[in-house]
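Scroll down for the structure; my scribbles are underneath it.
Laboratory data are not the source of any read-out in this text; all were calculated from the coordinates shown. Note that the coordinates shown come from a computational prediction; the quantities given were computed from them, not determined experimentally. Heads up, the Cβs are rebuilt from the backbone with ideal geometry, glycines too, and the neighbour counts pull from every protein chain shown.
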RNA sequence: GGUCUGGUAGCUCAGCUGGAUAGAGCAACAGCCUUCUAAGCUGUGGGUCUCGGGUUCGAAUCCCGACCGGAUCACCA
């Protein structure tokens, strides 16, 4: 049982005996005792000081006197704060319980079958490679899935691939016109990058055509519509929709190149999906749903044939669902995807990991799904995260300021390799393969932690000119703490005896005590991260744990400790710190190395 | 303009469900490796928590207003 849960009734009872008033559990407020005072946990007496009709310092003193004994060894009252010292045997029992729990940090949602949460993330377009914005999305999505699993959900990770539309036609057209049969095989280019290059090429040629038309006296608006290239692309989209075999074959071929490229990127990033949906499969379903809603009277058709939802009753405007020509829009596709998913899985909660620029879209989607009768519609969660900004603003593909995901990861691994060179090479029996593996784990660890440690809701800054740190509050710092512990455990050998001969009489130093208390906090961090959808909570926890351990490690010898009980206790501590670090980092999708 | 969101040290960020003297890292400076991995540890300097009101025993935290930034309000996706 949690310490607070044990103490709350005791405090309630003490207050009743002393002052004859009943207080609610909410009025019993605890906080961690500040380092400058003696004690483990502090009761804030202000919430019931009025009812007691005495000065805060007096109330603290009297309540302390009433509580002391047994679990509470000592107390001291400072103004309205009652600092309580908990018996060390309690903390040692806690540590032993953690040590015995092989799934420490895995929480339960109560009895019965686990509810199902579907988490959608990544959602790439097939016309260009993944960039830094996707990296944040993928890392957040994967981490949230892991965190919710730890919170007792069955999680299905899903991806919706935007594989149709005019943007794909642009790449296809440019490839047809300027590609000269270039393929990933004959050029050695990664498929998604190859397609991305032709997307850029289209834009270059298109712009040139606009310029030319304007030179002939056409205004910009008209030129943008009349340029031959854009007309060809539009014609291609129509053919695609009509299932033209030639266009479809080209589309299929180029998409396969892209998917092969994406797979590589996802693999390197360490993210995965349980089920992938494609918009080319879902957009027609969406049209069907809109037609159904229309028949049901949820939506209405305008004279030009377009279909709309009136959201006035929800305080919003009107929203287009089908164009006058019958083609679908973004919203149509998301409705279709939702329907397919609902047919495929008994979804209890649907989570969309999508940037905050689309808050309006998901607000509307939620309303529309609800109207169409999807149980998860009303309750859908838009896990809305902030943009990754560069020093001079947003990333813009046209201005070439996009930070490519593959390049970024490769750079991080190369940096890790360079930084670790002197150190890793001194490790005994190190092989080139292991050194490379360490660089991979550490480089990606630095990148992932850098991104996940910041509050997902906030915009964050990435400066490509400055390399991501490997010292201080970083992934490698935490990984290093883990590697150090592994080193100690290896040296301790097979016969680690972490049982205490008499736990009752063991004494703990301040650092040992804080470390145990930090370990005890882990489940609360997992719970909070789940409730708030925030991997940052886990990142901050893991950092604090690593700090506590390093401080402990600096002050105490583990293996050279003469006292067998102390040695055993410290080994047990080290083992469990490593266990929790590994577990917490896994929730972030970060691996930990045994040596570095 | 409406709506949403942010403003904390030179920089990047914690803290925000109100509690004691606002914390880290980076950068700067000064120390600690014959002892379990120095990607570590210890210390110094660095703050009008954007500003102004309000609520409260108590406000970085809650409320109102102002200022500054970002997003959004498409027959784009």
**Message:** For the stretch A:220-262, what does the convex hull of the Cα positions come to per residue, in cubic angstrom?
**Reply:** 92
**Prompt:** What is the helix-to-structure angle for A:166-178, meaning the angle in degrees between its Cα long axis and the longest Cα principal axis of chain A, kept from 0 to 90 and rounded to the nearest 10?
**Reply:** 60
**Message:** Please report the projected area of chain A's Cα convex hull averaged over all directions, in nm².
**Reply:** 35.7
**Fill in**
Most packed first (mean Cβ within 10 Å per residue), the peptides A:180-192, A:473-485 order as A:473-485, A:180-192
**Item:** Globularity ratio of the stretch A:414-487, using Cα Rg and 2.2 N^0.38 Å
**Value:** 1.20
**Prompt:** Given only helices, namely DSSP H runs of n ≥ 4 each adding -39500 (n - 2.57), what is the per-residue ellipticity at 222 nm of chain A, to the nearest 500 deg cm²/dmol?
**Reply:** -18000 deg cm²/dmol
**Request:** Give the order of A:348, A:510 when sorted by the count of other beta carbons within 10 angstrom, beginning with the fewest.
**Result:** A:510, A:348
**Item:** Three-way shape label, the stretch A:314-438, alpha-carbon gyration tensor, a/c 1.5
**Value:** prolate
**Prompt:** What ranking do A:103-110, A:117-124, A:283-290 get when scored by the average of other Cβ atoms within 10 Å per residue, highest first?
**Reply:** A:117-124, A:283-290, A:103-110
**Cα extents of the stretch A:407-541 along the three principal axes, largest first (Å)** = 56, 44, 22
**Request:** Report Rg/Rh for the stretch A:242-382, rounded to two decimals, where Rg is the Cα radius of gyration and Rh the Kirkwood radius.
**Result:** 1.01
**Asked** Expressed in whole Å with the largest first, what are the equivalent ellipsoid semi-axes of the stretch A:79-197 derived from the C-alpha gyration tensor as the square root of 5 times each eigenvalue?
**Response** 52, 17, 15
**Request:** Please express the Cα-Cα pair-distance distribution P(r) of the stretch A:30-70 as a list of whole percents, one per 10 Å bin, running from 0 to the bin with the greatest distance.
**Result:** 28, 53, 20
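Just check the stretch A:71-112 against the gyration tensor rule for me: Cα atoms, a ≥ b ≥ c as the square roots of the eigenvalues, rounded for a/c under 1.5, and otherwise prolate or oblate depending on whether a/b exceeds b/c.
Taking the square roots of the gyration eigenvalues as a ≥ b ≥ c, the stretch A:71-112 is oblate.
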**Request:** Kindly rank A:242-251, A:537-546 from highest to lowest mean number of other beta carbons found within 10 Å of each residue.
**Result:** A:537-546, A:242-251
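Using Cβ counts within 10 Å as a stand-in for footprinting exposure, how do A:559, A:95 rank, fewest first?
Arranged by neighbour count, lowest to highest, A:559, A:95 become A:559, A:95.
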**Complete:** Quick note, the stretch A:222-315: a/c under 1.5 would make it rounded; otherwise a/b > b/c is prolate and the rest oblate (a ≥ b ≥ c, C-alpha gyration tensor); here it is oblate
**Message:** Over chain A, what is the relative contact order in percent, taking alpha-carbon pairs closer than 8 angstrom and at least six residues apart?
**Reply:** 14
**Item:** Sorted by Cβ density within 10 Å, fewest first, the residues A:382, A:134
**Value:** A:382, A:134
